[in-house]
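Values in this text are rule-based calculations from the coordinates and carry no lab data. Since the model is a prediction, treat every value here as computed from it, not as a measurement. Counting neighbours? That spans all protein chains shown, and the Cβs are built from the backbone with ideal geometry, glycine included.
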Amino acid sequence: MERSRIAVAGASGLIGSALVRSLTADGHEVVRLVRRAPRAQDEVHWDPEAGRVDAAGLAGCDAVVNLAGAGVGSRRWTDAYKTKIRNSRVLGTSALAEAIASLDDPPRVFVNGSAIGFYGETGDRPVDESAPHGEGFLPELCVEWEGAAAPAQQAGVRTVFPRTGLVVAREGGAWARLFPLFKAGLGGRMGDGRQYWSFVSLHDEVAAIRHLIDTDGLSGPFNVTAPEPLTNREITAAMGRVLHRPTLFTVPAPVLRTVLGEMAGDVLGSARVRPARLLESGFTFAFPDIEGAIRAAL
């Protein structure tokens with residue numbers, strides 16, 4: 001890919017910061033969208049929940065990547081926090097899509113983050129991008145989140161939705177909480193451990209987003225998960241093998257529900273998601289297996 005100008009919302013988050021490092025290392029110009037007053041030439045102001053974006057700052061961008069949103073696993077899901085989760089994604093996406101559509105020379109691609117929460121509970125049933133959305137807070141959120149990108153699509157901008165799984169990384173997400181527990185010998189399965197977790201290494205997450213930016217003709221949803229999801233029991237065993245620690249502890253489902261509230265459904269729920277379209281597009285995973293993904297994160 002030739003040197004490009006790429007705007008990134010959510011540039012300070014786990015995936016966004018890794019993407020910015022990757023892009024700048026390859027010589028691309030990155031414009032960061034920030035909520036505070038800009039302090040540098042590579043910063044553009046936006047207020048996602050107020051629906052405001054400095055559209056002039058997006059002029060000349062080849063791509064816009066939106067990874068912004070309040071952390072789904074950051075705290076208990078009160079009604080107020082669920083509203084924050086929704087607004088940070090839906091209103092932010094709508095503001096960006098409208099700003100993109102307003103440009104005389106819009107970017108050639110809009111990569112708008114989404115999540116495998118789109119599918120809800122799948123049990124043992126494997127699903128790919130052809131599956132319908134599930135039921136509940138996260139599936140309904142993902143439908144609305146992706147739908148908010150419509151202004152960019154209607155303006156003729158190629159629009160892609162990477163539906164991300166559980167990212168294996170030290171710096172954030174679910175694994176940032178799991179690693180210390182397992183290293184201390186306190187790790188173990190959650191609930192009965194039979195629920196599927198669809199994981200992806202941080203390296204492959206970033207590589208997949210760049211693949212979606214670079215590859216003309218790709219649009220719509222793409223599951224960004226390793227080719228073979230595993231059960232929580234299998235992932236627990238792999239953590240023990242890689243870290244050379246016992247995995248004797250279990251967290252019973254009732255305890256998780258008491259501690260986490262409604263969010264426990266996301267931990268105990270099963271999402272057996274496969275990246276059919278990503279593989280068909282020619283993408284190759286560097287860390288397709290869980291042990292490789294764990295070692296890459298250490």
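Observations
- Placing dummy labels 7 Å off each Cα toward the beta-carbon, the span from ARG52 to ASP128 is 4.5 nm.
- Near the amide H of ALA11, within less than 5 Å, lie the amide hydrogens of LEU33, all on another chain or at least 5 residues away, with H placed in the peptide plane.
- Convex hull projection area averaged over all views, the range 35-135, Cα basis, nm²: 8.6 nm²
- P(r) weight above 12 Å for the range 136-179, C-alpha pairs, percent: 70 percent
- Estimated translational D of the range 1-62 in µm²/s (Stokes, Kirkwood radius over Cα pairs; 37 °C; 0.692 mPa s): 274 µm²/s
- Sorted peptide list for 276-285, 216-225, criterion being average Cβ within 10 angstrom, highest first: 216-225, 276-285
- The chain: radius of gyration over Cα atoms, expressed as a fraction of 2.2 N^0.38 Å: 0.98
- Whole-number percent relative contact order across the range 63-135, with pairs defined as alpha carbons under 8 Å at least 6 apart: 39 percent
- Equivalent ellipsoid semi-axes - Cα gyration tensor, the range 142-257, angstrom: 34, 16, 11
- Among 181-192, 83-94, the order from most to least packed when residues are scored by Cβ within 10 Å on average: 83-94, 181-192
- Computed over the range 111-193: relative contact order in percent, which uses C-alpha pairs under 8 Å that are six or more apart: 30 percent
- Length-normalised contact order for the chain - Cα pairs under 8 Å, 6+ apart - percent: 18 percent
- Extension gain (nm, one decimal) between ASP214 and ARG21, 0.36 nm per residue minus Cα-Cα: 67.8 nm
- The range 84-186: proportion of alpha-carbon pairs further apart than 23 angstrom, %: 42 percent
- Note, ³J(HN,Hα) from phi for the range 106-115, Karplus 6.51, -1.76, 1.60, rounded to Hz, x at Gly and Pro: x, x, 7, 8, 10, 9, 10, x, 8, 8
- Percent of beta bridges antiparallel (DSSP, the chain, rounded to nearest 5): 10 percent
- When shorter helices are ignored and each DSSP H run of at least 4 residues is given -39500 (n - 2.57), the per-residue value for the chain at 222 nm works out to -11500 deg cm²/dmol.
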